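One structure is given here, and the rest of the page talks about it.
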C-alpha cells in the first residue's frame, strides 16, 4: 500500500478516536442528567481562572469526608482511587457514607480519591469541584457564593446528579435558587446583596 | 566538528594535495565526487523559521478558537454548545487531510499536527465544561496523550513531540505527589508505555541526521525531560533502587553525550554530556557524606505495594543498566570518560557490600577523578580538563572541611590557597602548552 494512503488512513483513525471521546462524554453527561438521582451537598468556597476551560467557580463540598469511628483503622493509601457511597441525612442533605475499593452493591456512589484519615473523619479528594459559568457572570457568582458561605447569611448548596460512578454538577443553588437566576434577579432589582 | 564540516575541510584540502602531487587528479576528482554525494545537507534556517512560524500560527489559531468557544454562552442550548466543541477538531481534520493528500511541506505538517492535537484537547475540555463533568488534569492528559501521539508519526512533527513531552511530564507529576502514600500500579505501567510510544519516531529521526539541528533540539528535550521526570520516575521505590537509578541515568546521559561528541556534535547540540557530567559531580559530592548511605527504607514503599515496586523498580534499573553497559562498551577505551561512567559500579559497593564505607568510597572517587583529569589535561594539553580535575579536588577539600567544623579563619586561608593554586596551575599550564605548541611548529609537526 502506498505510504501516503497509510498515513491518511491512520489520520482518519486518529480523528475518529478524537471525535469518539467527546461523543462518549456527551452520551455519559446526557445519561447522568436524564437518569441520575439528585443529591444536594452543602458547599464551601474558592476561585481561579482556567485558560483552557473558561470561567468557573471553584467550589468545595463541605462534608468532603466519610464519618468513621475514632478507633477505626483504614488501610487506604493517600491518593488511592475508591468508591464513596452517598446517602441523605434527615434534612435532605447528602453526605458520603462509606468507602470501598470495589463497586458498592447497593445505592449510589462516586469514584473519588482517598486523602487522609483524621480521628473520626476519612477525608476525600473529590473531582467535581468546578462549576463552569459565563465568564461575565462568574466573578459575580464568586462574590455571591463567597458571601453566602463566609457570612452564612444565605444557603449555598451543590445540586449533583449521580448515575453509576459518574457525577455531574447540575447547578449551584443560593437560597434554593439556581445561581444564574439568582444573579439575574439581583441585577434586575439593582440590589447587589 | 560536524560531519558536514569535516567533509568541507577535506574537500578544501583536495586541491592542495593535488597541487603537491600527493593525489593524482583522477583520485582527487573521485574523492571529491564521493564526498560531495555523502555530504549532509546544510541546515536550512529559512525553512526552520517558516516551520517555527507555522507552529506558532497553528498554536495561536487553536488557542483563539478554544477561547472563543470556551465563552460558555448561557443563552446557547447545551446540545448546540456540545456540537460547537467539535468545530475546531473538524476544521483541523480537514486541514490535516488536505496537508497529507497534497503532500505539503514541513511547515504545513507541523501546523496540521499541532492544530489537530490542540483541537482534540479543546473538544474534551469543552464537553467536560458544558456537562460539568469535572475530572482531574491527570485523567484529561492521559486520554489526550493516547489520542494525539500518533500525530507525531503521521506528520513527522517535532512540535507535537514537544507538546507530548510537556504533557507527559505534567501527567507524571500529577500521578503522584509528596503527600501520597499510594502510587497507582497501572499508572506506573502507563508511564513506561508513554515513554515507549514516540521512541521509534525518535530513533528514525536521529538516524536520518544524527548531528542535525532537529536532532540537537531532540537532545535538549530528552535531557530536560529525563532529568525532570527522573524526580518522579521512581515514585514508590525503595531507597537503594532510587540511588542506583540516579547513578545509572546520569552515567547514561554522560556516555550518550560522549558518544555524540565523538561523532561531531558541538557543545550546544549536545546537552547530554554537560548535564551528565554535572549530575555525576553533584551525585558524588552528596554521596561522599556518610549519612547518604545510611539506609532509609522509603516512606513510599509501604507494605501493600512493596512486591510490585521491587519488581518494577528492578525492571527499570535493568533496562537503564543494559543501556549503560552498551554505551560503556562503546566508550571503554577512553580513560577520562571511564571514570565518570563507572559511577553505578561504585554505588554498588556501599549498596551491596559495606554501607558504612560509602562516604569514603566517594571521597576516593572524587580524589581519583581529580587526579586522572589533571593528568590527562597535562598530557593532552587540555586546560579545561586540568581545571575540571582541580575543581573536583577543591570540591573534595571543601566538602570535608564543611564536615570538620574547622575554624573560620583557617577556612578563609584555605579558600585563598585554593584560588592561588587555580591561578598558578593555569599560568604554568598555559606557558607549558604555548612552549610545546611552538616546539611542534618548529619541528614542523
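The values are calculated or read from the model by the stated rules, or taken from the named source; none is laboratory data. Values in this document were obtained by computation on a predicted structure and should not be read as measured data. Cβ sites come from the backbone with ideal geometry, for glycine too, and all protein chains shown count toward neighbours.
Checking B:113, B:117, B:165, B:121 one by one, the residue that is touching a helix residue (DSSP H, G or I) at 6+ places or on another chain (Cβ under 6 Å), touching a residue at least 60 places away in the same chain (Cβ under 8 Å) and either under 25 Å from residue B:224 (Cβ atoms) or outside any helix (DSSP H, G or I) (or both) is B:165 and no other. Among the residues of segment B:32-72 satisfying the criterion of being within 13 Å of chain A (Cβ to nearest Cβ) and surrounded by fewer than 14 Cβ atoms within 10 Å (Cβ to Cβ), which is modelled with the highest pLDDT? Checked segment B:32-72; the qualifying residue modelled with the highest pLDDT is B:64. For segment B:85-92, does any single residue satisfy the condition of being farther than 29 Å from residue A:57 by Cα, buried (at least 19 other Cβ atoms within 10 Å of the Cβ) and facing another protein chain (nearest Cβ under 9 Å)? Checked segment B:85-92: at least one residue is farther than 29 Å from residue A:57 by Cα, buried (at least 19 other Cβ atoms within 10 Å of the Cβ) and facing another protein chain (nearest Cβ under 9 Å).
Kindly indicate which of B:141, B:137, B:115, B:126 is farther than 23 Å from residue B:205 by Cα and crowded, with 23+ Cβ neighbours inside 10 Å.
Going through B:141, B:137, B:115, B:126 in turn, the sole match is B:126.
Residues of segment B:99-110 that are in a helix (DSSP H, G or I) and more than 7 Å from chain A (Cβ to nearest Cβ): B:99, B:102, B:106, B:107, B:108, B:109, B:110. Of everything listed in (1) within 8 Å of another protein chain (Cβ to nearest Cβ); (2) touching a helix residue (DSSP H, G or I) at 6+ places or on another chain (Cβ under 9 Å); (3) at pLDDT 80 or above, the single unmet condition for residue A:162 is (1).
I'd like to know if segment B:187-209 contains one or more residues that are more than 14 Å from chain A (Cβ to nearest Cβ), closer than 27 Å to residue B:370 by Cα and either touching a helix residue (DSSP H, G or I) at 6+ places or on another chain (Cβ under 6 Å) or surrounded by 18 or more Cβ atoms within 10 Å (Cβ to Cβ) (or both). So far as segment B:187-209 goes, no, none of its residues is more than 14 Å from chain A (Cβ to nearest Cβ), closer than 27 Å to residue B:370 by Cα and either touching a helix residue (DSSP H, G or I) at 6+ places or on another chain (Cβ under 6 Å) or surrounded by 18 or more Cβ atoms within 10 Å (Cβ to Cβ) (or both). When the residues of segment B:153-162 are filtered to those that are in a helix (DSSP H, G or I) and within 11 Å of chain A (Cβ to nearest Cβ), which remaining residue is nearest to residue A:11 (Cα to Cα)? Among them, the one singled out is B:154. Could you list, in sequence order, all residues of segment B:126-150 that are facing another protein chain (nearest Cβ under 7 Å), in a helix (DSSP H, G or I) and under 19 Å from residue B:169 (Cα atoms)? B:143, B:147, B:150 - these are the residues of segment B:126-150 that are facing another protein chain (nearest Cβ under 7 Å), in a helix (DSSP H, G or I) and under 19 Å from residue B:169 (Cα atoms).
Scoring residue B:174 on the criteria (1) more than 30 Å from residue B:256 (Cα to Cα); (2) at pLDDT below 85; (3) in contact with a helix residue (DSSP H, G or I) (Cβ under 6 Å, 6 or more places away or on another chain) leaves a single failure, condition (1). Looking at (1) away from every other protein chain (no Cβ under 13 Å); (2) touching a residue at least 60 places away in the same chain (Cβ under 8 Å), which is the one condition that is false for residue A:135? It fails just one condition, (1). For residue A:63, which of the numbered conditions (1) part of a strand (DSSP E or B); (2) at pLDDT 85 or above; (3) away from chain B (no Cβ under 14 Å); (4) within 15 Å of the chain's Cα centre (by Cα) fails to hold? Of the numbered conditions (1) part of a strand (DSSP E or B); (2) at pLDDT 85 or above; (3) away from chain B (no Cβ under 14 Å); (4) within 15 Å of the chain's Cα centre (by Cα), the odd one out for residue A:63 is (1).
In segment B:280-314, what residues are at pLDDT below 80 and assigned to a helix (DSSP H, G or I)?
B:303, B:304, B:305, B:306, B:307, B:308, B:309, B:310, B:311, B:312, B:313
The rows are residues; the columns are (1) part of a helix (DSSP H, G or I); (2) buried (at least 20 other Cβ atoms within 10 Å of the Cβ); (3) at pLDDT 85 or above; (4) within 17 Å of the chain's Cα centre (by Cα).
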| position | (1), (2), (3), (4) |
| --- | --- |
| A:90 | no, no, yes, no |
| A:95 | no, yes, yes, yes |
| A:107 | no, no, yes, no |
| A:111 | no, no, yes, yes |
| A:135 | no, no, no, no |
| A:145 | yes, yes, no, yes |
| A:149 | yes, yes, no, no |
| A:172 | no, yes, yes, yes |
| A:182 | yes, yes, yes, no |
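The set of residues in segment A:113-130 that are in a loop (DSSP other than H, G, I, E, B), within 21 Å of residue A:72 (Cβ to Cβ) and within 14 Å of another protein chain (Cβ to nearest Cβ) contains only A:126.
Checking each residue in segment A:34-57 for being under 29 Å from residue B:62 (Cβ atoms) and either modelled with pLDDT of 85 or more or surrounded by 16 or more Cβ atoms within 10 Å (Cβ to Cβ) (or both) picks out A:47, A:52, A:53, A:54, A:55, A:56, A:57.
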